[in-house]
1. Mind checking whether some residue in region 146-157 is loosely packed, with under 14 Cβ neighbours inside 10 Å, modelled with pLDDT of 90 or more and assigned to a loop (DSSP other than H, G, I, E, B)?
2. Take the conditions part of a loop (DSSP other than H, G, I, E, B), at pLDDT 90 or above and either over 15 Å from the mean Cα position of the chain (by Cα) or surrounded by 17 or more Cβ atoms within 10 Å (Cβ to Cβ) (or both) and apply them to residue 164. Does it pass?
3. Residues 292, 258: which one is at pLDDT 90 or above, in contact with a helix residue (DSSP H, G or I) (Cβ under 7 Å, 6 or more places away or on another chain) and surrounded by fewer than 24 Cβ atoms within 10 Å (Cβ to Cβ)?
4. For region 79-96, check the following and say yes or no: at least one residue is within 29 Å of residue 141 (Cβ to Cβ), over 18 Å from the mean Cα position of the chain (by Cα), modelled with pLDDT of 60 or more and surrounded by fewer than 13 Cβ atoms within 10 Å (Cβ to Cβ).
5. Give region 101-112 a look and list any residue that's on the phi < 0 side of the Ramachandran plot and out of contact with any helix residue (DSSP H, G or I) (no Cβ under 6 Å at 6 or more places or on another chain), or say none.
6. Any residue at all in region 21-35 that is under 25 Å from residue 210 (Cα atoms), in a loop (DSSP other than H, G, I, E, B) and either modelled with pLDDT of 60 or more or within 17 Å of the chain's Cα centre (by Cα) (or both)?
7. Determine which single condition residue 202 fails, assuming it passes every other condition in (1) modelled with pLDDT of 75 or more; (2) part of a helix (DSSP H, G or I).
8. Of all residues in region 106-119, how many are surrounded by 12 or more Cβ atoms within 10 Å (Cβ to Cβ) and part of a loop (DSSP other than H, G, I, E, B)?
């Protein structure tokens with residue numbers, strides 16, 4: 001089993017306690033203007049399925065987390081000052097620095113919001129900013145990859161870039177729509193295949209890629225991974241097929257569903273998998289709708 005970050009993560013971080021009272025979320029809360037929208041479907045041309053470049057501004061909530069070696073994980077905007085990613089991206093990461101209390105030294109990384117091209121550092125649609133706080137789910141299990149979700153506070157609001165908007169979040173009932181065969185889309189800057197080596201990946205992956213994947217029956221996915229230890233028992237979603245899957249470097253990216261209102265909803269977070277779909281096993285995603293209490297506990301932060 002491999003996590004989908006690049007490279008693998010290594011260090012401890014302070015956990016935070018989350019509130020239990022929440023209301024159902026249909027969209028990430030926002031104030032006015034562009035921030036009053038979420039998940040707007042900008043790209044109007046027919047999509048080409050099978051691992052192709054996304055259009056610029058097709059997914060304006062995408063973010064790239066970077067260290068001095070470059071991109072290592074993705075995430076997505078849910079509020080003007082909040083991002084979501086995978087917890088394993090910030091746990092035991094040899095390329096991140098840590099303080100004496102074993103939390104991430106936030107000066108050792110930054111984030112590009114509204115990212116499209118990793119090599120173009122002068123895109124007018126992006127914001128490069130620093131992190132204010134990283135909150136791993138307090139029950140994140142690094143062995144079994146349970147509760148693999150993190151909330152990240154950023155120091156600047158996305159209001160600086162009017163093209164950047166949050167992706168929509170599901171409500172509790174949304175998972176009932178995600179039946180076997182439902183088509184979802186995952187986007188990221190990860191490896192193009194399991195055998196792609198690190199230098200080739202760094203050289204050849206530039207623009208944001210996307211691929212359409214089909215959601216698996218839960219029991220069928222469990223059967224495929226019955227011999228793997230790194231498989232969550234709860235709060236997961238499986239999607240993908242041979243040749244169509246997320247890969248290393250895509251960790252933290254959203255698995256998105258185009259809802260009935262024509263808006264993109266983040267239903268999953270790239271978490272884990274096995275050889276990027278080479279053997280017909282689907283990718284493993286954290287089920288976003290199972291973590292609404294955790295997410296909602298941070299939406300009032302300024």
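1. Scanning region 146-157 turns up at least one residue that is loosely packed, with under 14 Cβ neighbours inside 10 Å, modelled with pLDDT of 90 or more and assigned to a loop (DSSP other than H, G, I, E, B).
2. Values: part of a loop (DSSP other than H, G, I, E, B): yes; at pLDDT 90 or above: yes; either over 15 Å from the mean Cα position of the chain (by Cα) or surrounded by 17 or more Cβ atoms within 10 Å (Cβ to Cβ) (or both): yes.
So residue 164 fits the description; yes.
3. Values: 258 fails: in contact with a helix residue (DSSP H, G or I) (Cβ under 7 Å, 6 or more places away or on another chain).
None of the other options fit; the residue is 292.
4. For region 79-96, residues within 29 Å of residue 141 (Cβ to Cβ), over 18 Å from the mean Cα position of the chain (by Cα), modelled with pLDDT of 60 or more and surrounded by fewer than 13 Cβ atoms within 10 Å (Cβ to Cβ): present.
5. Matches in region 101-112: 101, 103, 105, 106, 107, 108, 109, 110, 111, 112.
6. yes
7. (1)
8. Residues of region 106-119 that are surrounded by 12 or more Cβ atoms within 10 Å (Cβ to Cβ), as a first pass: 106, 108-118.
Retained after the next criterion (residues that are part of a loop (DSSP other than H, G, I, E, B)): 109, 114-116, 118.
Count: 5.
The values are calculated or read from the model by the stated rules, or taken from the named source; none is laboratory data. If you're wondering where the values come from, they're calculated on a predicted model, not measured in any experiment. Reconstructed Cβ throughout: ideal geometry from the backbone, glycine too, with neighbour counts over all protein chains shown.
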